[in-house]
1. Within the range 155-169, work out how many residues are assigned to a helix (DSSP H, G or I) and surrounded by 15 or more Cβ atoms within 10 Å (Cβ to Cβ).
2. Would you mind finding the one in A494, A455 that is within 23 Å of E392 (Cβ to Cβ) and either out of contact with any Ser or Thr (no Cβ under 6 Å at 6 or more places or on another chain) or touching a residue at least 24 places away in the same chain (Cβ under 8 Å) (or both)?
3. Scanning the range 515-540 for residues that are without any contact (Cβ under 8 Å) to a residue 12 or more places away in the chain and not in a helix (DSSP H, G or I), which turns out surrounded by the most Cβ atoms within 10 Å (Cβ to Cβ)?
4. Being in contact with a Gly (Cβ under 9 Å, 6 or more places away or on another chain), part of a helix (DSSP H, G or I) and in contact (Cβ under 8 Å) with a residue 60 or more places away in the chain narrows it down to one of L397, L412, so name that one.
5. State the number of residues belonging to the range 507-533 that are of a type in the set (D, E, K, R) and on the phi > 0 side of the Ramachandran plot.
6. Go through the range 234-247 and give me each residue that's in a helix (DSSP H, G or I) and closer than 15 Å to G204 by Cα.
7. Could you please let me know if S115 is over 19 Å from L156 (Cα atoms), modelled with pLDDT under 90, part of a helix (DSSP H, G or I) and not aliphatic (A, V, I, L, M)?
8. Return the only residue of A260, A250 being surrounded by fewer than 18 Cβ atoms within 10 Å (Cβ to Cβ), at pLDDT below 90 and not in a loop (DSSP other than H, G, I, E, B).
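The values are calculated or read from the model by the stated rules, or taken from the named source; none is laboratory data. These numbers were taken from a predicted model, which means no experiment stands behind them. Cβ sites come from the backbone with ideal geometry, for glycine too, and all protein chains shown count toward neighbours.
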Amino acid sequence: MPGDLTLDAAVDPAAAEPAAAGTSREAALSAVRADLDDLDDLVGRDPDQAAAHARDIAARAAQLGDVSSLALARVGEAEAVQRAGDSPTAADIVTRLLTEHDAAVRGAEVTVRASWVLCRVLRDLGDRPTALEHALDAVAAFSEGVSQRLQIRVLLTVADLLDEMGGVEDARTWYSRAEELAVGDGQLHLRIVNNRAYSELERGDADGARRELELLHRLSAQYGMALNSNTLDTVARVQLLCGELDAAEASARAAVATSAAMDAKNADDEPVYLLTLAIVLRSKGDPAAAAEVLTQARSACTGAGFRTVRAQLLAEQAEVHAALGDHRAAFETHKEFYAADRELLSEQREAQARARQAVFETDVARAEAARYREEARRDALTGLRNRLFVDEKLPALVEESRHGGPAVSAVLFDLDHFKSVNDTFSHEAGDEVLRLTAGILERSAADSPSGTAFAARLGGEEFLVVLTGGADGAAAELAERVRRTVAGFDWSGATPGRGITVSAGVAVLADGGDKTSLLSAADARLYAAKAGGRNQVRAG
């Protein structure tokens with residue numbers, strides 16, 4: 001099972017040796033990141049080794065406190081175990097990754113890969129609609145921080161799923177999107193055309209499949225890259241469809257022979273290639289040779305993750321027995337096939353349920369995380385936005401304004417003589433005054449006649465309204481409206497016999513200004529309003 005995702009995860013003593021020997025943290029971090037670069041290729045070449053290597057990288061990253069590298073290692077492990085045939089474990093790793101690390105910490109690359117791995121898991125389990133949802137989640141998370149190769153792989157997965165679900169024209173659009181990005185990357189470009197050829201094959205379109213084969217051969221020559229086993233298997237099946245049996249046998253044998261050097265392997269690759277060869281041999285009228293190949297294929301289906309191809313092998317073996325004239329063996333093998341098929345369906349349903357539960361837990365955790373993030377950016381007493389929200393939001397609004405976006409204005413409010421409210425009426429009364437004032441501010445911001453605005457409590461009795469857009473003087477008008485409303489409000493329920501007033505300072509973002517200069521200008525005018533007698537608004 002995978003190790004913990006948290007930074008206090010147990011660390012393999014062997015992984016701690018470099019640090020104990022005095023290696024600098026910077027060198028150790030550099031080594032971790034270099035190993036992560038190698039991990040991506042290893043996942044395709046040797047999933048089992050990649051999973052072990054990913055766990056080692058994660059332990060070292062945890063020791064160094066490098067959460068980003070830890071997350072990358074864990075998602076790499078998830079992809080590796082999924083390729084090795086253990087989809088439920090892959091789903092568990094990704095689910096825990098998504099729930100234990102905030103998106104800002106794990107980064108866009110991990111977010112996209114995690115959604116993509118969940119998609120692959122659900123596709124393995126036959127739940128294509130949910131798989132497509134997660135693939136599209138991955139697309140929605142694309143950003144500058146996501147590698148082009150990962151984007152291509154995700155787009156290709158979307159195209160494959162749409163094709164499998166019958167959305168032929170939509171699939172072609174997504175294949176084209178993936179291909180546009182892949183030009184120049186021979187490995188991925190060939191993979192896209194291969195998958196498109198296979199989709200034509202599945203629809204029985206011999207002409208369409210042959211056109212894609214011709215493109216495959218042109219690209220192979222253009223990139224100087226030989227066709228890999230997966231593509232050769234597609235070629236063999238297309239040639240079989242076209243009745244080119246000798247060529248199909250040659251291609252199928254080449255797929256089997258080169259499978260060890262495949263650049264991206266899945267657990268069932270070898271038996272699938274052997275199955276294709278057996279079908280070709282039977283089609284050529286050599287069922288005895290086909291039977292030998294099937295025996296080899298079945299012996300390659302060891303361990304978990306082979307139920308689908310096992311069922312396919314049994315179906316073909318029944319055909320081979322029939323071709324050999326052994327009808328009893330054919331009948332018994334058909335019975336075995338149907339039993340395996342029912343077992344496969346049951347296992348898929350159970351695995352789907354487990355994966356769906358993992359996905360459900362992920363969605364719940366995301367909702368909880370979103371709720372916690374929202375709560376962290378709200379003032380507990382008044383429900384207004386707080387300083388943390390302002391520190392995150394206002395710089396972005398300023399940056400947008402400096403690049404041609406709407407103007408930004410700030411209004412700072414301060415309750416006049418608020419300390420005496422607490423001293424005279426109690427802190428509970430003071431809290432009620434703050435809540436009622438917050439309500440006035442929030443309504444005034446929401447009712448702003450032009451532009452958009454939000455209200456925040458910065459602390460104590462100090463409040464802020466930020467206004468974007470709007471006509472000149474809109475912020476000053478809002479401030480004056482708030483001042484009049486507060487002064488005319490019935491405060492008898494909170495402070496019997498005493499009214500409440502506010503002072504305000506208004507500032508508009510100056511050319512070349514920033515968040516600090518904007519709030520400083522508003523604060524200076526607020527000070528002038530209070531020094532000038534309070535219950536007034538000062539604007540520039």
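1. So the answer is 10.
2. Exactly one of A494, A455 is within 23 Å of E392 (Cβ to Cβ) and either out of contact with any Ser or Thr (no Cβ under 6 Å at 6 or more places or on another chain) or touching a residue at least 24 places away in the same chain (Cβ under 8 Å) (or both), namely A455.
3. Filtering the range 515-540 for residues that are without any contact (Cβ under 8 Å) to a residue 12 or more places away in the chain and not in a helix (DSSP H, G or I), the one surrounded by the most Cβ atoms within 10 Å (Cβ to Cβ) comes out as G532.
4. Checking each option against the conditions leaves just L397.
5. 0
6. If the condition is that a residue be in a helix (DSSP H, G or I) and closer than 15 Å to G204 by Cα, then T234, V235, A236, R237, V238, Q239, L240, L241 are the ones that fit.
7. So S115 fails the test.
8. Testing whether each residue is surrounded by fewer than 18 Cβ atoms within 10 Å (Cβ to Cβ), at pLDDT below 90 and not in a loop (DSSP other than H, G, I, E, B) leaves just A260.
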